[in-house]
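Undergrad: Please read through the structure below; I'll follow up with questions.
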Amino acid sequence: MTLTALDYGIIIFIFLAVIAIGVVVSKKSGKNSTEFFLSGRNMPWWLLGFSMVATTFSTDTPNLVTDIVRNDGVSGNWVWWAFLITGLLTVFVYAKLWRRSNVETDMEFYELRYGGAPAKFLRGFRSIYLGLAFNVLAMAAVTLAAIKIGQVMLGLSSYEVVGIAGTITVLFSAIGGFRGVIYSDFLLFFVAMAGSIGAAYYLVNLPEVGGLTELITHENVKNKIDLVPNWSDKEKFISILIIPLAVQWWSSWFPGAEPGGGGYIAQRMLAAKDENHAVGATFFFNVMHYALRPWPWIIVALASLVIFPDIASIQAAFPNVEESKLGQDLAYSAMLTMLPAGLLGLVLASLGAAYMSTISTHLNWGSSYIVNDFYSQHINKNASEKELVRVGRGSTILLFIISAILALLLNNALQLFDIIIMFGAGTGLVFILRWFWSRINAWSEITAMFVSGIISILLNFTSLGVYLFGGNLTDGTFQEGVFESWLQYPFVVLFTTICWLIATFITPKEDKKVLYNFYQKTQPGGPGWKKIIDQAKSENIELITSKEEWSVPTGILAVMAGTILVYGSLFTTGKVIYGEYGNAAIFLSITVVAGIILLYLWRKMKGKAF
């Protein structure tokens, strides 16, 4: 593949624009830690919404979608589409609570909600556990995707990709801080969308593919286009659709889709001007992330089945790719090599933009944990603002180096997706209920975190998992398990949930002063706080400072309407692409009705007439 002067010009222009943004905002970002990590808490919903979308528009996402589509068909995407419910629950229930908490990071929440040594431990440990360990895993997946793109499209080695892309991104993240991330994300969103849509349009119209109609009816593709898995394949139907929709969305922690909000989504909510801006930003993100953005990637993935029907055909076309990096996900990059001049430069720039957006977000988010929740709490409690900014910039560099080393050892993004999902299994319910059930304490979360991790290690990396749920043995043979394989995830969730519930009731309640302070600040409401409210009243302490009605029941109805709205939009777009216009009209009608109901519920939550 040869890049023209036009391609280089587009790439250089976009990268210079991003670096210029970082330089321009660097002085203000370095003013103090709040500016460096939350941009002064003054961001509008639309900037934060675009930033959320751009951040999750990473280089590994199209690779992951391609991997899923080529293995399990379009319907395989339910393993992450199901997280829409989590996202909308954050929108209509938790966004305003996070903004009211006024914490610097979601880790600081632990010492607002809980008290004593367990709370301090939880905050410190999880700041490293998530900010370092899980954050590094997520960044490694993104960097791995960049390596594959660089090898296939540019003929670069793994080390060259990491060196070039990493240096630019780390420098930008270190000097620009969160404000630089937000401003550049606005530009990078449009670049990334233009690149993915342009690539999908061009590639589906290649002579070898023949357009959408020919693509959908092609022998390699026609069995991959179903939006819902075929129920006749029981194991696939349960594992791909039922488990994600019935269990996974509320039970598992995953970056960007944390039950109850968290991570870099919480960081953006905390940076919003007010509660309404926090809600608006997260809603915009969920609509764009689930309803519209997946289709260009899906189209390219389906087209790749025509051009490169298997891994052997990819390997034959790109013999210089390292054998350790070969996988179904490589097909996305392989398809992009067929783009014409100009569009090729735009797509490469969009992929670079996606990489920078995601990595810079993860670096700033992870660094915020290390600085605010570990360094300033356990290393130097009297650190000046300038020192905190310096530590933030240093930890930014360190996080990238660790993630880059891990990326060089991995094979495909789906590996990390499965690992992260399993390690977070069973913890989600704690994150959802801790706002509304006063009995939950720090030991509830500590138990859930450790039990989930330990049981996941035992089932995934020891013979116990093979014995219970089946799997490959060291000699390459397959052994049937005592239970069906799809039961493994629900088993982890059930076991973890039982353990943390037991821990909740056998450990002491949180100190009433801690609970009083938390309620007065966040006003969560609900029957789970009735005993605490009554106890406070008996002491002549009024906890309820808001005159608003408890909005959670209406919020849950809004989640249901919003879910139908977004899935309806997803299905409408898909049916139009497939040429099934009658079905598209039905889904569009459902989408419109859901939208009207959602508008009514949203205005009701704000206390306004329809």
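Undergrad: Among ILE242, ILE265, ILE311, ILE307, which is the only one that is more than 17 Å from MET338 (Cα to Cα), over 23 Å from the mean Cα position of the chain (by Cα) and not basic (Lys, Arg)?
TA: ILE311
Undergrad: Taking ARG439 as meeting all but one of (1) of a type outside the set (Gly, Ala, Ser); (2) in a helix (DSSP H, G or I); (3) under 30 Å from GLY526 (Cα atoms), write down the number of the exception.
TA: Going through the list (1) of a type outside the set (Gly, Ala, Ser); (2) in a helix (DSSP H, G or I); (3) under 30 Å from GLY526 (Cα atoms), ARG439 breaks only (2).
Undergrad: Another question, if that's okay. How do the pairs read when you match residues in segment 179-192 that are more than 18 Å from ALA271 (Cβ to Cβ) with residues anywhere that are among the hydroxyl-bearing types (Ser, Thr, Tyr), using Cβ under 7 Å and keeping only pairs 6 or more apart or on different chains?
TA: VAL191/SER350; ALA192/SER350
Undergrad: On the given criteria, is MET139 touching a His at 6+ places or on another chain (Cβ under 8 Å) and either farther than 30 Å from GLY262 by Cα or surrounded by 20 or more Cβ atoms within 10 Å (Cβ to Cβ) (or both)?
TA: Judged against the criteria, MET139 is a match.
Undergrad: So which of VAL161, VAL209 is buried (at least 21 other Cβ atoms within 10 Å of the Cβ), part of a loop (DSSP other than H, G, I, E, B) and hydrophobic (A, V, I, L, M, F, W, C)?
TA: After applying the criteria, what remains is VAL209.
Undergrad: Return yes when THR358 is under 28 Å from the mean Cα position of the chain (by Cα), among the polar types (S, T, N, Q) and more than 29 Å from ILE265 (Cβ to Cβ) and no when it is not.
TA: Against the criterion (under 28 Å from the mean Cα position of the chain (by Cα), among the polar types (S, T, N, Q) and more than 29 Å from ILE265 (Cβ to Cβ)), THR358 does not qualify.
Undergrad: State yes or no: is LEU543 out of contact with any Asp or Glu (no Cβ under 6 Å at 6 or more places or on another chain), hydrophobic (A, V, I, L, M, F, W, C) and either under 25 Å from LEU227 (Cα atoms) or not in a helix (DSSP H, G or I) (or both)?
TA: Yes.
Undergrad: Exactly one condition in (1) farther than 22 Å from THR427 by Cβ; (2) within 29 Å of the chain's Cα centre (by Cα); (3) exposed (fewer than 15 other Cβ atoms within 10 Å of the Cβ) is not met by ILE498; state its number.
TA: Going through the list (1) farther than 22 Å from THR427 by Cβ; (2) within 29 Å of the chain's Cα centre (by Cα); (3) exposed (fewer than 15 other Cβ atoms within 10 Å of the Cβ), ILE498 breaks only (1).
Undergrad: Taking the residues in segment 555-610 that are touching a helix residue (DSSP H, G or I) at 6+ places or on another chain (Cβ under 6 Å) and not in a helix (DSSP H, G or I) as candidates, determine which candidate is surrounded by the fewest Cβ atoms within 10 Å (Cβ to Cβ).
TA: PHE610
Undergrad: Checking the condition within 30 Å of LEU89 (Cα to Cα) and either free of Cβ contacts under 8 Å to residues at least 60 places away in the same chain or not charged (D, E, K, R) (or both), which residue from PHE478, PHE469, PHE461, PHE436 passes?
TA: PHE436
Undergrad: Please verify whether segment 137-152 includes one or more residues that are over 25 Å from the mean Cα position of the chain (by Cα) and either assigned to a helix (DSSP H, G or I) or farther than 29 Å from GLU387 by Cβ (or both).
TA: Looking through segment 137-152, at least one residue is over 25 Å from the mean Cα position of the chain (by Cα) and either assigned to a helix (DSSP H, G or I) or farther than 29 Å from GLU387 by Cβ (or both).
Undergrad: Would you pick out the residues in segment 465-494 that are under 30 Å from LEU112 (Cα atoms) and crowded, with 16+ Cβ neighbours inside 10 Å?
TA: VAL492, VAL493
Undergrad: Does segment 415-425 contain any residue that is among the small types (Gly, Ala, Ser), closer than 30 Å to SER252 by Cβ, part of a loop (DSSP other than H, G, I, E, B) and modelled with pLDDT under 85?
TA: Scanning segment 415-425, I find at least one residue that is among the small types (Gly, Ala, Ser), closer than 30 Å to SER252 by Cβ, part of a loop (DSSP other than H, G, I, E, B) and modelled with pLDDT under 85, so the answer is yes.
The values are calculated or read from the model by the stated rules, or taken from the named source; none is laboratory data. Remember, it's a predicted structure, so these values are computed and weren't measured experimentally. All Cβ positions, even for glycine, are placed from backbone atoms using ideal geometry, and neighbour counts span all protein chains on display.
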